Structure formats: structure tokens, C-alpha cells
Amino acid sequence: MLERLIIAVVISLAGVALWCAYNRLSVRRAASVAQHEPVLEQLQQGVATILYFTTPFCEPCRTLQQPTLAQLEQELGPRLKVIKIDATEQPDVADRWGVFSAPTTFVLDEHQQPRHVNRGVASAETLKKQLGLVS
């Protein structure tokens, strides 16, 4: 019985470690993409950015993620820019960024360097932490 518990814990920890490593690799890949991304050319330095990948038929996007991002934009005003990208209209952009599900958000710092990726709905608190607004 104890052996099975230990095996289950080891497998769970390995899964978490692999997921964390995958996210780190995704951020590194996004950093190389961001250097040549036409979508980011319009941005000004000194403004944090959230790239928000969505689709028209994504229910969690409409009901959870969009209101959260609208709230953050209202709270932070000119300190935050949210760029909404429809992955069905711009699949090449989604492919370059490694997006395979909606919603996906990439948090970019003031120098337009990717720092975090969220696959699935990200709460306002999570995004604020990733933007460095709360500790």
C-alpha cells in the first residue's frame, strides 16, 4: 500500500516538473518569436502587454477571461496594453507563439519580452503577480 502511494506521489511530482519545464521552454520560444513579431511593432516601450489568444466559440474566453482582462485594463489604464488575437483569423500568429488552446495569455514585460504563459483562464490576481504588480 505504501509503495503505491510513493509511486503515485513520484508520478505526480514528475508531471508537475514536466509541466513547469514545458512552460519555461514556451516562454523561451516566445522570446525569440517576439523579436520579429509584427503584432508587437505597434507597442511602445515601457508598457506591459498581455497577448490574449482566443476564438469566437470559446465560452471560457467570453465569460471569464475577457471580463478579467477588461477589469485589468480599466484598473491599470495606460500601464497595460492587451492585444486580442483571434486564433481562427490569424492561425499563423497562433502557430508562431505555440498556442494550442484558447484562452492562452502571454505576459510581456515593459521591454516586450515574454515572462509568463497561461494556458486556460488566468485570474486577475495571477496576471497582476505575473505583471509584477503584487508580490
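The values are calculated or read from the model by the stated rules, or taken from the named source; none is laboratory data. The structure presented is a predicted model; accordingly, all values stated were derived computationally and were not measured. Positions of Cβ are backbone-derived with ideal geometry, glycine not excepted, and every protein chain shown enters the neighbour counts.
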With the structure loaded, tell me whether Ala48 is of a type in the set (A, V, I, L, M, F, W, C) and either over 14 Å from the mean Cα position of the chain (by Cα) or loosely packed, with under 10 Cβ neighbours inside 10 Å (or both) or whether it fails that test.
no
Considering the range 100-117 alone, what residues qualify as being within 15 Å of Val39 (Cβ to Cβ) and either surrounded by fewer than 16 Cβ atoms within 10 Å (Cβ to Cβ) or of a type in the set (Asp, Glu) (or both)?
Gln113
Residue pairs qualifying under the 9 Å Cβ cut-off, at least six apart or on distinct chains, with the first in the range 80-95 being over 11 Å from Thr55 (Cβ atoms) and the second being at pLDDT below 95 and of a type in the set (Ser, Thr, Tyr), are Leu80/Thr49; Lys81/Thr49; Val82/Thr49; Ile83/Thr49
Before we move on, is Pro56 more than 22 Å from Gly132 (Cα to Cα), touching a residue at least 60 places away in the same chain (Cβ under 8 Å) and either in contact with a Pro (Cβ under 9 Å, 6 or more places away or on another chain) or assigned to a loop (DSSP other than H, G, I, E, B) (or both)?
no
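Just one of Ala48, Ala122 is touching a residue at least 60 places away in the same chain (Cβ under 8 Å) and closer than 25 Å to Tyr22 by Cα; which is it? Spell out how you get there, then give the answer.
On the way: Ala122 fails: touching a residue at least 60 places away in the same chain (Cβ under 8 Å).
Every option except Ala48 fails the conditions.
Does the range 78-99 include one or more residues that are of a type in the set (Lys, Arg), over 26 Å from Leu133 (Cα atoms) and out of contact with any Gly (no Cβ under 8 Å at 6 or more places or on another chain)?
First, pick out the residues of the range 78-99 that are of a type in the set (Lys, Arg): 79, 81, 84, 96.
Subset that is over 26 Å from Leu133 (Cα atoms): 96.
This time we only want the ones that are out of contact with any Gly (no Cβ under 8 Å at 6 or more places or on another chain), so: 96.
The answer is yes, given that some residue of the range 78-99 is of a type in the set (Lys, Arg), over 26 Å from Leu133 (Cα atoms) and out of contact with any Gly (no Cβ under 8 Å at 6 or more places or on another chain).
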May I ask you to list the residues in the range 76-105 that are part of a strand (DSSP E or B) and within 17 Å of Pro60 (Cα to Cα)?
Lys84, Ile85, Asp86, Thr104, Thr105
